Amino acid sequence: MDQDSFPCDLVTWNEFYDLARTLSRIIKASGWRPDLVVAIGRGGYVPARVVCDFLVHDLLTSIKVEHWGIAAQRRERASVRFPLATAASGQRVLVVDDVTDTGETLAAATGYLKSLGAGEVRTAVLQHKASSTIEPDYYAERIDLWRWIIYPWAAHEDLVGFTGRVLSGAGRPLSKGDIIAELKRRFEIDLDQVEMAEVLEDLVSLGMAIRSGSVYTATRC
């Protein structure tokens with residue numbers, strides 16, 4: 001992946017709901033039923049809850065696996081930060097995340113759950129990228145042409161991150177119009193002036209940018 005420029009795809013709430021419903025139908029059709037559903041935080045929180053709704057399943061918990069930061073910033077390795085808060089020994093466990101990218105997050109999660117004695121661990125994601133080294137047991141959509149997926153529950157955070165990336169590499173102050181144009185050129189992200197203003201205000205509040213008149217320049221990202 002070119003760290004300076006790559007395509008992004010913003011998933012709407014309606015598109016997400018259709019993906020979750022499709023994923024749930026595929027799980028049902030397999031005839032397999034979990035004893036416990038484990039969401040991978042943070043991306044899997046919302047998908048796991050909706051999948052549980054369609055499965056009419058109420059035993060949902062979570063773990064937090066850290067691998068990707070905001071705006072496609074990749075950490076060195078995937079690792080479990082917040083562990084499972086309930087017993088998994090001997091249980092059929094369904095692990096739910098939003099997307100497979102490298103596959104390392106699912107690998108870390110399944111390895112961790114198996115170390116706790118889970119009887120059978122299966123994995124489910126909304127979207128499976130062909131670039132992943134691991135193919136989940138269930139997925140609603142396969143993505144063959146790589147792109148960064150922005151889900152609606154993380155859209156603003158990602159937009160803040162991508163804007164920070166644009167500013168940190170600019171080398172000069174940029175107007176809001178300049179930033180909007182760069183986001184479109186480098187990441188295929190479309191923002192209007194109102195959305196841009198909200199993003200920049202959050203960059204300021206986070207100490208990531210300093211506002212001066214009608215131009216912005218990054219201090220850190």
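The values are calculated or read from the model by the stated rules, or taken from the named source; none is laboratory data. From a predicted model like this one, the values you see are computed outputs, not experimental measurements. Note: accessible area is taken over every heavy atom of the protein model, side chains too, but ligands, DNA and RNA are not part of it. Shrake-Rupley method; radii C 1.70, N 1.55, O 1.52, S 1.80 Å.
A few remarks follow.
- Equivalent ellipsoid semi-axes - Cα gyration tensor, region 101-161, angstrom: 24, 15, 10
- Under 5 Å, built H, 5+ apart or other chain: amide partners of I189: K184
- For region 1-67, the Cα gyration tensor yields ellipsoid semi-axes of 26, 16, 11 Å (square root of five times each eigenvalue, largest first, whole Å).
- Rounded tilt (10° steps) of 155-168 against the dominant C-alpha axis of the chain: 40
- For region 69-198, the calculated P(r), taken from all Cα-Cα distances in 10 Å bins from zero up to the bin holding the longest distance, is 11, 33, 28, 18, 8, 2 percent.
- Degrees separating the helix 104-115 axis from the principal Cα axis of the chain, which is the longest one: 30
- Degrees separating the helix 193-205 axis from the principal Cα axis of the chain, which is the longest one: 80
- Residues in the chain average 49 Å² of solvent-accessible surface per residue, probe 1.4 Å, ligands and nucleic acids excluded.
- Split the accessible area of the chain by element, probe 1.4 Å, and carbon with sulfur accounts for 49%.
- Residue-averaged [θ]222 nm for the chain, counting only DSSP H segments that reach four residues, each worth -39500 (n - 2.57): -11500 deg cm²/dmol
- Three-way shape label, the chain, alpha-carbon gyration tensor, a/c 1.5: prolate
- With a Cα cut-off of under 30 Å and a minimum spacing of 8 residues unless on different chains, the lysine pairs in the chain number 8.
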